[in-house]
1. If each Cα of segment 235-292 is one equal point scatterer, what is log10 of I(q)/I(0) from the Debye formula at q = 0.20 Å⁻¹?
2. Assuming R0 = 51 Å, what is the FRET efficiency of L87 and V3, from their Cβ-Cβ distance, to the nearest 0.05?
3. Measuring from label point to label point, each 7 Å out along Cα→Cβ, what is the L328 to D147 span in nm?
4. From the C-alpha gyration tensor of segment 75-187, pull out the three semi-axes of the equivalent ellipsoid (sqrt of 5λ each), sorted largest to smallest, in whole Å.
5. Taking the Cα centre of each part, how many Å lie between segment 1-78 and segment 308-327?
6. Which value in nm describes the separation of the simple spin-label points at V205 and S105, placed 7 Å from the Cα toward the beta carbon?
7. Using just the helices of the chain, give the 222 nm mean residue ellipticity in deg cm²/dmol: DSSP H runs with n ≥ 4 each add -39,500 (n - 2.57), and the total is spread over all residues, rounded to 500.
8. Once label points are set 7 Å from the Cα along Cα→Cβ at both T80 and Q318, what is their separation, rounded to one decimal in nm?
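Here, each number is a calculation from the coordinates, and none is a lab measurement. Here the structure is a predicted model, which is why all the values come from computation and not from measurement. Every residue, glycine as well, gets a Cβ built from its backbone with ideal geometry; the counts of neighbours run over all protein chains shown.
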Amino acid sequence: MRVSYGVPLAPLTTLRIGGQATSLVEFQELADFPDFVEEMRHSPAPPVCLGEGSNVLVGDQGCATPVLRMATRGLRVRETDDRDRVLVEVQAGHPLRDLVETLISEGLVGMEMLAGIPGTTGATPVQNVGAYGQEVSDTLRSVQAWDWELGRRVTLNASECGLGHRTSIFKRSRRWTVLSLLFSLRRAELSTPVTYRSVAEELDVPLGSSVPPAQVAQAVLTVRRRKGMVLDSSEKDRRSIGSVFFSPEVGGPTAARLRDLGAPVARFPDGSTRVSASWLIRQAGFDLNHPLTHGVRISSVHHTLVADEGASAAAFCQAVDIVLRQVLDRTGVLLTPEIDFIGD
Ligand SMILES: Cc1cc2nc3c(=O)[nH]c(=O)nc-3n(C[C@H](O)[C@H](O)[C@H](O)COP(=O)(O)OP(=O)(O)OC[C@H]3O[C@@H](n4cnc5c(N)ncnc54)[C@H](O)[C@@H]3O)c2cc1C
């Protein structure tokens, strides 16, 4: 366990915005966690968790509450009675991209569409991370977490985690710190069916096809790179958090009206019908590279917000507000920010 004081948080996030943490506790070993719990005994509030900072905006004034950075790594594959199914236990700080790579190389299927998503595995249940038709809820079996309210370690089955479209009981709650996760994966030679047109086109296969998982992951990475949705894909747009807004849910008449305008309206794994937030942003009149506030603009390759030199949390929030209002005015659809805020 490493404790540091007055630590700038901006370099620990992908947006590179925000002030200092009064204290930052970093874990490489889970065995140190009980010592940290003991130290937190007199703290009025639970710590703020930070993984790779790829979905957070840190306030300009920083964060007075202790920040806990999970840097624990490692995974363990457990056989089950079913020869085709294994359980994989993963430490919270393990990078998701490393997990996806390992699973593919081990011939395990179920997370191949998540290739290229930045962040730690421990953060994945927070917003039920997902892409191209796959979500963490498809494979998550259970989560081991520290429950700051009960003051003890708990095991939550996936069904108790409230996993929905980019949400869960962990989203915007500081009650739990995720310590490790258990996934259930299938041994198979072919991926889960490809349900996204862009990925199918990249693979040159019909929708619904299954192909070797490594090929699917490669195709997903190519599609993501085109949109700047892989952190190393574009120097210019790298200060990003991916999508800033949830894909909004739309009801029957609105969905029909938007479809007539050519909007990508799709059914999501939780049964909801949603329209692409980036399509709405473009439809509302924001061009690529459109400047929004000081140091904040629309990306040069995708309709999402990115930061440049001089950006602040205040400017980013103002930019979010500008986009939100103009999208509502021009399309009648209300966007909701996906980003989590850290700070006072
Ligand atoms: C280029 C880019 C593309 C992206 N594409 C996608 C995508 O396709 N799909 C998608 O779903 N997301 C996507 N994201 C968002 C982001 O990668 C995910 O939300 C990711 O899970 C965040 O992981 P992190 O470790 O960076 O978490 P952080 O950003 O550090 O934290 C995110 C939230 O999780 C909490 N948290 C982190 N670790 C823990 C823990 N151990 N216990 C409890 N709470 C914790 C934090 O307090 C915070 O509220 C993208 C981001 C970027 C930059």
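1. -0.81
2. 0.90
3. Computed distance between label sites L328 and D147 equals 3.7 nm.
4. With the √(5λ) rule applied to segment 75-187, the semi-axes are 22, 16, 12 Å.
5. Distance between centres, Cα-based: 25 Å.
6. Roughly 2.2 nm, to one decimal.
7. Theoretical 222 nm ellipticity from helices: -6500 deg cm²/dmol.
8. Using points 7 Å along Cα→Cβ, the separation is 5.2 nm.
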